[in-house]
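The next block holds one structure in the form of structure tokens; read it before the comments.
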Amino acid sequence: MIEIPKLFGTSGIRGKYNEKITLELAINVARSLASYIGGKDHTVIIGRDPRTTGKIIENVMVSALLECGCNVLNLGMVPTPVVGYATLKLKGNAGIMITASHNPSPDNGIKLWNPNGMAYKQDQEREIERLVYEKTFKPVNWSEIGSEYDISWFTNEYLDDLLNIVEINKEKPLKVVVDCANGAGSYLSPILLRKAGCNVVAMNAQPDGFFPGRNPEPSEANLKELKDAVKSIGADVGIAHDGDADRMIAVDEKGNVADFDKLLALISTQFGGNVVTTVDASACIDTCMHKIGGSVIRTPVGDVHVAEAINKHNATFGGEPSGSWLHPDFCMCPDGLLSGLRIIEIIQKKGKLSKLLNDIENYPTIRSKITCENKDKTSIMNKVEAEFSNCFDDIKEITNIDGTRLSFNDGSWVLIRPSGTEPYIRITAEGKTSKHLEKINKISVDFLKSCI
Ligand code: MG
């Protein structure tokens, strides 16, 4: 059997421009997508982040779609969630976002969207890879070439629709600092917050593919200026986006980056019912949800898995500790702008963010990693799946959906999971008490070492 080269990773196709992401690849992905959705007279929505290579990739992809008889609705430079939402609302047959999310400036990438606003699933990505490999495209003749339309006006509709699904009291305006990383959230996120009645100070809010303000990954280390600004201005909250603004990280009024898991627990309780999160998220989410009679569904790491589980379990909300949150009452695409609005909504209704997060139960965590060659990961993980649970006698539940996760009777848990990108197997352990945590971690590390 011929092995078809893999193009898609955990979040679309991503890599260095002119190495992995070439114009030729972009053309072939667009032609394959055209074939996949049925070619002539089908409609594709397209958008891009502000990377220097975004416009030329967009140009060749638009040409390839028109060449195959598709019509193109072009959003221009927009956050990723606008592409997902436009595909849903304007009834596109597919959406394309040209972005490398939080990766550095030399990178770019391509992410594809379904008519329901959800990212392409793995089986759809395999199908696109097959079409790219086989190159059986169907260009149309000169009289059937598709048309391209500018739909940059749609961003206003997106903002209005967002404001319609939240309840924000304009009489009690919050002071907000928003850091857009010079990414795709520049312009729109500050405009949205102002439309919501907030007093907004915007940082790094002019789009620039060199990301001169800060690294587009919204990690604690990259948010020093935002933290300082929140404190010195006396803001109620700071909001940071990644390069394509599908993620949101919050800074509390004291200038501390909000604990990712606790923030996820806080937002989850606003929805109730079933919520979805990934295997690596903290048990504080379960504790908070159980208190209000809700439940937590766990999925493998990755926003597509979260989206699929939301559909399957009719969940009210889904999110990853990375700050990628899905709001199914709006669209099945992670949306950092809406996530920001929802934090504003909570603070307005319930008070200071630091206090709200402080009220959430704290579970001490230890993260360890053990070096393991990529080629050995499968056999070692098979052994982990078969034998790891024998190390303990107080296990409540064993989950093998993405690595092996054991949860214990007191709410503590441990996850052994291979890194998708680096030569490591990672152990994440979270304990109800520090003593139990240390015990779990030691047993787990010793067990994994014995496997390698
Ligand atoms: Mg992103």
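No lab work stands behind these numbers, since they all come straight from the coordinates. Only a predicted model underlies this, so the values are computations on that prediction, with no experimental measurement involved. Glycine also receives a Cβ, built like all others from the backbone with ideal geometry; neighbour counts cover every protein chain displayed.
In percent, how large is the relative contact order of region 377-446, given Cα pairs closer than 8 Å and 6 or more residues apart? Intermediate results must be reported in sequence, preceding the final value.
Numbers: 96 pairs, mean separation 15.1, N = 70.
This gives 22 percent for region 377-446.
Working value for region 263-302: equivalent-ellipsoid semi-axes of 16, 9, 9 Å, each the square root of 5 times a Cα gyration tensor eigenvalue, largest first.
Looking at the square roots a ≥ b ≥ c of the eigenvalues of the Cα gyration tensor of region 217-268, which shape do they give, rounded for a/c under 1.5, prolate if a/b is larger than b/c, or oblate? Cα axes put region 217-268 in the oblate bin.
With the cut-off at 24 Å, tell me which of the pairs Lys55/Lys121; Lys224/Lys442; Lys175/Lys355; Lys172/Lys350; Lys89/Lys170 have Cα atoms farther apart than that. Those over the limit are Lys55/Lys121; Lys224/Lys442; Lys89/Lys170.
Suppose we flag chymotrypsin sites (Phe, Trp or Tyr not before Pro) only when DSSP calls them loop and at most 13 other Cβ atoms lie within 10 Å. Which is the longest uninterrupted stretch of the chain? It would help to have the intermediate numbers written out before the result.
Details: sites that count: Trp153, Phe210.
For chymotrypsin sites (Phe, Trp or Tyr not before Pro) (loop position, at most 13 other Cβ atoms within 10 Å), the longest site-free span of the chain is 211-452.
Select from region 44-112 those trypsin sites (Lys or Arg not before Pro) which occupy a DSSP coil region and have at most 13 other Cβ atoms within 10 Å, ordered by residue number. Don't skip to the answer; put the middle values down first.
Working: sites: Arg48, Arg51, Lys55, Lys89, Lys91, Lys111; in loops: Arg51, Lys91.
Listed in order of number, the matching sites are Lys91.
Considering only Ser295, Tyr120, Gly238, and ranking their Cα positions along the charge dipole of the chain that arises from unit charges at the beta-carbon of Lys, Arg, Asp and Glu, the one farthest toward the positive end is Gly238.
What value, in deg cm²/dmol to 500, does the helix sum -39500 (n - 2.57) over DSSP H runs of n ≥ 4 give at 222 nm once divided by the residues of the chain?
Values: 14 runs with 163 residues, N = 452.
For the chain, the value works out to -11000 deg cm²/dmol.
Based on the Stokes-Einstein relation at 25 °C and a viscosity of 0.890 mPa s, and on the Kirkwood radius from alpha carbon pairs, region 83-123 is assigned a translational diffusion coefficient of 229 µm²/s.
Where does each of Arg126, Arg426, Arg367 land when they are ranked from fewest to most other beta-carbon atoms within 10 angstrom? It would help to have the intermediate numbers written out before the result.
Values: Arg126 15, Arg426 18, Arg367 12.
Going from sparsest to densest Cβ surroundings: Arg367, Arg126, Arg426.
Within a Cβ distance under 15 Å of Ala315, other residues only, what is the Lys/Arg minus Asp/Glu net charge? It would help to have the intermediate numbers written out before the result.
On the way: positive: Arg298, Lys312; negative: Asp286, Asp303, Glu308, Glu320, Asp329.
Counting the neighbours of Ala315, the net charge comes to -3.
Applying a threshold of 24 Å to the alpha-carbon distances of Lys20/Lys227; Lys20/Lys375; Lys40/Lys135 flags Lys20/Lys227 as lying beyond it. Think of region 300-358 as a dipole: +1 on every Lys or Arg Cβ, -1 on every Asp or Glu Cβ, centred on the Cα centre; then among Gly318, Leu353, Cys331, Leu353 lies furthest on the positive end. For Thr10 and Ser379, FRET efficiency with R0 = 25 Å and r from the beta-carbon atoms, rounded to 0.05? Computed FRET efficiency for Ser379 and Thr10 comes out at 0.70. Once the GluC sites (Glu not before Pro) in DSSP loops with at most 12 neighbouring Cβ atoms within 10 Å are cut out of the chain, the longest remaining piece is 172-372. For region 44-162, the fraction of C-alpha pairs more than 22 angstrom apart is 34%.
Calculated on the Cα set of the chain, radius of gyration then Dmax: 22.4, 74 Å. What is the Cα centroid distance between region 1-20 and region 197-264, reported in whole angstrom? Rounded to whole Å, the Cα centres lie 31 Å apart.
If you take the square roots of the eigenvalues of the alpha-carbon gyration tensor of region 393-452 and sort them as a ≥ b ≥ c, do you get rounded (a/c under 1.5), prolate (a/b over b/c) or oblate?
Values: a/c = 1.96, a/b = 1.49, b/c = 1.32.
Taking the square roots of the gyration eigenvalues as a ≥ b ≥ c, region 393-452 is prolate.
Judged by the gyration tensor of its Cα atoms, with axes a ≥ b ≥ c, region 157-238 is oblate; a/c meets the 1.5 cut and b/c is at least as large as a/b.
Among DSSP beta bridges lying fully in region 1-154, give the percent that are antiparallel, nearest 5. Numbers along the way, then the final one.
Details: 10 of 25 bridges.
Around 40 percent of the beta bridges assigned by DSSP in region 1-154 are antiparallel ones.
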